[in-house]
Structures are given as C-alpha cells and as structure tokens.
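Visitor: Before I ask anything, here is the structure I am working with.
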Amino acid sequence: MVYLGLDQLKESIEDFTKAIGLVKEANTSFKAYFYRGECFRKMKRYDQSIKDLQTACDIQKDSAPAYNNLGLSLFESGQFEKAFEKYTRAIELDVKDPAYHTNRGIAAHHLGRYPTALEDFNKSLIIDSSIARTYYHRGITYLALAQFAEALQDFDKAIQLDPTNYKFFHNKGIAYQEMRRYEEAITMFVRSLELNTGHTASIYHLGLMQHKNCLLY
C-alpha cells in the first residue's frame, strides 16, 4: 500500500505477488489481487490488470470497487462494451457512488449511446453536484449532440470547480468554435495552452481560429 502512494509500481507488484503466494485468507488475497491489478493498470499492462481484477471479483462477488476498477481497465484497453457491463454491476452493488454512474456514462458515450450517457451523468450529479469531471464529460456528450449551449454551461461549471484543468478550457473552445464564436474560442485555446503549453489539439485549433477570425475582417 505504501508503494502505491509513491508510485513505486514495480516494487508494489513484487510485494503483492509475494502476498498472493503466501496468504490463504480470502480477504487478504482479494486485496492483493485488487491492488496488483491497479498497479498493472497504471503501468498500462491491461491484460494482467484485467486478469487480476477479475480474480478479485471472483473472490468477493459483492465488491463494487472491484467491478468498477475492472471496468476502468477494460475501458482503458478499448473494451467499452465490457467496461459498461462491469460498471453496471458496480452500480447494482452500490447505487449511491457517483463515480460508478460517471464511469458508465463515459463508456456509454464511447459506444455512441448519448442519451444513456446523459442519464448516467445526471444521476451522478444528483448524488454529488460538486464533481467537475462529471460536468466535463456531460459537456462532451452535449458537444456530440450539437447542444452547444448546454455544453458551454457544463464546461463553465467544470471550470468553476477546477480552473486548473486545460481540457475544460479546450473543449469550451471547441463549443465556441462550433458556434462560430471565434474570438471567444481563441480566448479558450489560449487559456488551455497557458495551463499545458504542449497540448497539440489546442495549438492546432488556436491556429485554425486565428485564420478564420482574420477572414471575417
């Protein structure tokens, strides 16, 4: 556990592997597989992460965090449908955790199920209305639906809650871009780049907006 906080992932994996080999008690074995699976995901070793987290789910079939984290590894490996299913199981086990609804909403968005995504984001915000990440992802879904005014509102709320995330400003810029409000888009892309000078998408869209803005005069 100490190693996880220090991001010493290889050392953590070695310790959890030793624990798995030595411990027969189910609860400790569950934790070892669970946290080793987390380490593997942080290292982007998704096959091993999925295997460990599935084992954790098999040991404790009523663990919502295990199913949620299995969903995270499946999602990051591009298996969106399977991730959606695991998030659903996590919600069945703990309907009051807003993160599970948000995560399933993100998976639904990637599957093109935008109304389902909005339902999940709305449920998450009913449980906890102070999570910037949820407003941001709901804004992304509104963008996909060309509901730009709603997207702007959500990006504004996300920025209010966390003004340090460049992605929030970038996608607010995208919304302004789609609305042909180029000067406002430029302001957002500039702000995004102030927070992350190497963000390629903001650099590109800033150049594009400056070009289009010049054509207006």
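The values are calculated or read from the model by the stated rules, or taken from the named source; none is laboratory data. Please read all numbers here as calculations on a predicted model, not as lab measurements. All Cβ positions, even for glycine, are placed from backbone atoms using ideal geometry, and neighbour counts span all protein chains on display. Accessible surface areas use protein heavy atoms only, side chains included; no ligands, DNA or RNA. Shrake-Rupley method; radii C 1.70, N 1.55, O 1.52, S 1.80 Å.
Visitor: Any chance you could look up the accessible area of C214 with a 1.4 Å probe, heavy atoms only, rounded to 10 Å²?
Guide: Counting only protein heavy atoms, C214 exposes about 100 Å² to solvent.
Visitor: Continuing with this model, one more query. What does the charge add up to near Q54, with Lys and Arg as +1, Asp and Glu as -1, over the other residues with Cβ less than 13 Å from its Cβ? Provide the component values of the computation, followed by the final result.
Guide: On the way: positive: R36, R41, K51, K61, K82, K86, R89; negative: D47, D52, D58, E85.
Result for the local shell: +3.
Visitor: Report the Stokes-Einstein translational diffusion coefficient (µm² s⁻¹, integer) for segment 24-143, Rh taken as the Kirkwood radius over Cα pairs, at 10 °C with viscosity 1.306 mPa s.
Guide: Numbers: Rh = 14.4 Å.
Translational D for this selection: 111 µm²/s.
Visitor: With a ≥ b ≥ c taken as the square roots of the eigenvalues of the C-alpha gyration tensor of segment 52-107, please select rounded if a/c is under 1.5 and otherwise prolate if a/b is larger than b/c or oblate if it is not?
Guide: oblate
Visitor: Any chance you could run the full-extension gain for Q153 through H110? It's 0.36 nm times the residue separation minus the Cα-Cα distance, nm to one decimal. List each step's numbers first, then the result.
Guide: Values: separation 43, 0.36 × 43 = 15.48 nm, distance 2.15 nm.
Computed gain between Q153 and H110 is 13.3 nm.
Visitor: Something else now. So if each residue of separation counts as 0.36 nm, and I subtract the Cα-Cα distance between T164 and N213, what length gain in nm does that give? Don't jump to the answer; show the numbers that get you there.
Guide: Details: separation 49, 0.36 × 49 = 17.64 nm, distance 2.68 nm.
Contour length minus the Cα-Cα distance gives 15.0 nm.
Visitor: Could you check the simple spin-label distance between N122 and E11, using points 7 Å along Cα→Cβ, in nm with one decimal?
Guide: That separation, rounded to one decimal, is 4.9 nm.
Visitor: Taking 0.36 nm per residue of sequence separation and subtracting the Cα-Cα distance, how much length would be gained by fully extending the chain between T28 and E178, in nm to one decimal?
Guide: 48.8 nm
Visitor: What is the distance, in nm, between label points placed 7 Å from the Cα along the Cα-to-Cβ direction at V190 and at Y204?
Guide: 2.3
Visitor: How are the alpha carbon pair distances in the chain distributed across 10 Å bins from zero to the largest one, expressed in percent?
Guide: 9, 26, 29, 22, 10, 3, 1, 0
Visitor: Further question: Quick check: the distance between the Cα centres of segment 87-137 and segment 182-217, to the nearest angstrom?
Guide: Between the Cα centres of segment 87-137 and segment 182-217 lies a distance of 30 Å.
Visitor: Applying the Karplus parametrisation 6.51 cos²θ - 1.76 cosθ + 1.60 with θ = phi - 60° to the phi angles of segment 25-40, what ³J(HN,Hα) value in whole Hz is obtained for each residue in order, glycine and proline being reported as x?
Guide: Each residue of segment 25-40 in turn: 6, 4, 5, 5, 4, 4, 4, 5, 5, 4, 6, 5, x, 4, 4, 4 Hz.
Visitor: Using only helices, what value at 222 nm comes out for the chain when you add -39,500 (n - 2.57) per DSSP H run of length 4 or more and divide by the total residues, to the nearest 500 deg cm²/dmol?
Guide: Numbers: 13 runs with 173 residues, N = 217.
Taking each H run of at least 4 residues, the total per residue is -25500 deg cm²/dmol.
Visitor: For K24, list the lysines whose Cα falls under 29 Å from its own Cα; do not include residues on the same chain fewer than 8 positions away.
Guide: Reachable lysines: K10, K42, K44, K51, K61, K86.
Visitor: Taking Cα atoms, how many degrees apart are the long axis of helix 200-215 and the longest axis of the chain, rounded to 10 and kept between 0 and 90?
Guide: Value to nearest ten degrees: 10.
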